[in-house]
Every structure is written in C-alpha cells, then in structure tokens.
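Accompanying notes for the structure given below.
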C-alpha cells in the first residue's frame with residue numbers, strides 16, 4: 001500500500017503543474033505577439049492556421065498517448081512507466097511523421113503564405129508531439145517540475161531564436177515557425193534524456209491496440225467537444241457578426257488565467273487518483289469535491305474582481321477588446337464557474353479510468369451546446385450566445401456529479417496488469 005503523500009509534496013506537485021501551465025500559456029501568447037509584430041496580417045493568419053494544426057495534433061496525441069499514460073500507468077513503478085512510454089512515444093513519433101506528411105502535402109498544394117507555414121511546420125511536428133508526450137509522462141510519474149523544466153527550456157530557446165531573427169531582420173514566416181518548432185524539439189530531446197526513454201516506433205501500433213479501450217473514448221470526446229464548440233462559434237459569426245465572435249474571444253482571454261489554473265489542477269488530479277487505487281469511495285469523493293470547492297472559490301473571486309473593474313480601467317488594460325468583453329463577461333464567467341465545479345468530479349472519473357462515463361456526458365453536452373447557442377444567438381446576439389454557454393455548463397454539471405456518485409458506488413475492479421510487463 002502506498003504511503004499517504006505529505007501535504008508539502010502535494011503542494012509541490014500542484015505548484016509544478018501551475019508553473020508548467022503558466023509557462024505554456026504565456027509562451028504561446030508571447031509567440032503570437034512576436035509573430036504578429038514581425039509579419040503582415042495575411043502572414044499572421046497563415047501562422048494561426050499552422051498553430052491550429054499543431055493544436056489539433058497535440059490534442060489527438062494526448063487522447064491516445066498522454067492521457068492513457070496518466071490513467072493506466074500512474075500507479076505503476078517508474079520502470080514500468082518508462083517501458084510503456086517508449087512504446088507510447090513511438091506512436092507519437094509515427095503520428096508526428098504522418099501529420100508532417102499531410103502538412104507538407106497540403107502546404108505544397110495550397111502554396112502562398114499558408115502553404116509556407118504548413119511546410120515549415122512539417123519537419124518539427126514529430127518533435128513537438130514527443131515534447132508534449134514527455135510532459136504527460138512526467139505528470140504520470142508525479143514529476144510536474146520536470147514538465148515545467150522542459151517547457152521552460154522551450155520558452156527560453158524559443159525567444160532567444162526569435163530575438164536573433166528579429167535583430168538580424170530575417171524574421172520571415174517560415175523562419176519563425178521553424179525557430180519555434182526546433183526549440184520545442186530540443187526541449188523534447190531533453191525530456192527524453194531526463195526520462196531515460198528511447199522512443200520505439202516499431203512498437204507504436206501495439207501501444208495503440210493495447211490502449212484502445214481508453215483511447216477510443218478519449219479520442220471521441222475530443223472530436224465531439226472540438227466539433228461542437230468550433231461549430232457553435234461559427235454559428236454565432238453567421239447569425240450575428242464577426243464582432244460577436246470577437247466579444248466572446250475577448251472574454252475568454254480575460255478569463256484565461258482561470259483556464260490555466262483549472263488545467264494545472266486537472267493534470268494534477270488525474271494521476272494522483274490513478275496512482276492510488278487503494279483509496280476508498282469516501283476519500284475519492286472528498287478529493288473531487290475539494291478540488292471543485294477550491295477552483296469554484298478562485299473562479300468566483302476572480303470573476304467578482306473582473307466585474308468590479310471600472311470601464312476606464314478595463315479599456316486601459318485591455319484596449320478595444322474591453323467593450324465587447326464587458327457585454328458577455330458575466331455569463332462567460334458563470335460558464336467558467338460551472339466548468340470549474342465540474343473539474344473535481346471529472347478529474348476523479350478520468351483518474352479511475354471511467355472513460356465510458358465521461359464520454360456519455362460529452363455526447364450529451366454537444367447537442368445541448370449547439371441548440372442553446374443557436375437559439376441564444378438568434379434571439380439576443382452575442383449576449384444570448386454567452387448565456388447559452390453558461391446554461392450548457394450548468395445543465396451538464398449535475399451529470400458530472402451523478403456520474404461520480406455512480407462510479408464510486410460501483411464495485412472497484414481489480415487492478416489491471418499493465419500489458420507492458422508481458423511485453424517486457
């Protein structure tokens with residue numbers, strides 16, 4: 001039986017998760033600013049498309065590599081985790097190479113600035129996927145500070161390279177994408193060295209087959225969640241205007257720090273539950289409710305502060321985006337509040353490997369989101385769409401609580417022998 005983890009070590013792990021998420025978020029924002037100030041609007045749009053492709057590839061890889069590592073192997077010994085990671089990273093490399101070929105082909109076919117950005121992304125995409133997979137493996141091992149380390153190295157190398165390009169007047173679209181991607185690849189190599197793992201592409205498909213019970217639900221959740229949200233945003237733009245979409249985006253930026261904290265806590269919660277199968281239902285339930293209570297309090301306080309900011313302060317801090325954001329800030333903030341309250345039950349469910357239960361919730365959430373956003377946008381423009389998002393999160397919140405209650409009441413299955421032991 002595992003020893004109870006000291007509060008100081010728990011706080012240390014949470015701190016590592018927060019630092020890692022802050023580094024990741026700030027580096028992405030700063031990168032966008034540097035690129036936007038270095039190229040014209042059309043080239044920045046092309047960069048945004050390449051970055052979107054990168055984001056999709058990362059999300060897909062997490063669904064079949066990172067999250068299964070956290071859920072299925074957090075309770076295993078470091079040796080077993082490293083052996084599993086070798087095959088998981090092998091699949092990440094295969095996925096990266098496949099994505100690189102697609103990016104290269106589409107980029108060559110499109111041509112222009114968008115084609116250039118996609119062609120520049122192709123050679124660095126495998127390394128970027130391995131770097132993110134290393135982060136997920138560090139979380140599975142309870143070594144969040146090492147994840148923060150490789151993200152910190154990426155950030156430093158990235159901006160050193162970008163500074164050289166800007167100062168030497170060679171900051172074109174292709175060179176900026178390559179500098180960013182090569183810095184991430186170097187950070188990924190550092191992650192492999194720290195983990196003492198060598199990717200095994202020849203065993204990558206076997207990893208996918210062995211983890212199919214988890215990854216098929218996690219991947220489907222991603223497709224449903226991404227599809228519903230992106231389609232909802234497009235609908236708002238079609239029914240109302242592009243400015244309405246801008247207002248929603250601006251509010252999301254203002255609420256962005258809550259997303260950083262929520263993501264950090266979630267990345268902490270999943271492996272902590274997964275590596276402690278001896279926890280009884282009561283302690284798991286208290287763990288989830290505790291996370292929801294902490295995140296809910298932080299969200300409520302932050303939202304109150306935002307709502308109390310005078311308009312002149314908001315305009316000074318956020319410029320023209322403040323006016324649109326102020327219209328939808330309350331409903332968007334309430335949506336974040338409901339989402340933060342669901343974070344605790346979700347973290348426990350994922351940690352318990354209850355992918356089927358979480359998939360069902362997201363399967364219900366997608367149609368509700370689309371229906372309410374269409375109605376809200378048609379009747380009350382962007383304000384109605386924002387309240388529709390809040391209503392969706394509020395409706396789904398009891399489903400998370402109910403799913404957690406049912407999962408805790410169900411008999412706990414015997415721990416599964418990791419397939420990597422037989423493979424070893």
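The values are calculated or read from the model by the stated rules, or taken from the named source; none is laboratory data. Model, not experiment: these values are computed from the prediction. Quick reminder, even Gly has a Cβ in these numbers, built from the backbone with ideal geometry, and neighbours come from all protein chains shown.
A few points about this structure:
- Beta carbons closer than 9 Å, at least 6 apart along the sequence or on distinct chains, pair a first residue in the range 232-259 that is assigned by TED's automatic domain parsing to the domain that holds residue 326 with a second that is surrounded by fewer than 17 Cβ atoms within 10 Å (Cβ to Cβ) and outside any helix (DSSP H, G or I) for 250/320.
- Test result for residue 130, assigned to a helix (DSSP H, G or I), surrounded by 24 or more Cβ atoms within 10 Å (Cβ to Cβ), assigned by TED's automatic domain parsing to the domain that holds residue 37 and out of contact with any strand residue (DSSP E or B) (no Cβ under 9 Å at 6 or more places or on another chain): yes
- Qualifying positions in the range 268-287 - modelled with pLDDT of 85 or more and closer than 21 Å to residue 133 by Cβ: 268, 269, 270, 271, 272, 273, 274
- So residue 228, is it out of contact with any strand residue (DSSP E or B) (no Cβ under 8 Å at 6 or more places or on another chain) and crowded, with 21+ Cβ neighbours inside 10 Å: no
- Failed item in (1) modelled with pLDDT under 95; (2) within 19 Å of residue 193 (Cβ to Cβ), with residue 89 passing the rest: (1)
- Count of the range 354-385 residues which are buried (at least 18 other Cβ atoms within 10 Å of the Cβ) and over 14 Å from residue 221 (Cβ atoms): 11
- Evaluation of residue 141 against (1) under 21 Å from residue 199 (Cβ atoms); (2) buried (at least 24 other Cβ atoms within 10 Å of the Cβ) (one fails), failing number: (2)
- Qualifying residue in the range 300-321 (condition: assigned to a helix (DSSP H, G or I) and surrounded by 22 or more Cβ atoms within 10 Å (Cβ to Cβ)): no
- Complete set of residues in the range 36-88 that are over 25 Å from residue 25 (Cα atoms) and without any contact (Cβ under 8 Å) to a residue 12 or more places away in the chain: 77, 79
- Only one entry of 152, 172, 181 meets the criterion of being surrounded by fewer than 20 Cβ atoms within 10 Å (Cβ to Cβ) and at pLDDT 90 or above, and that entry is 152.
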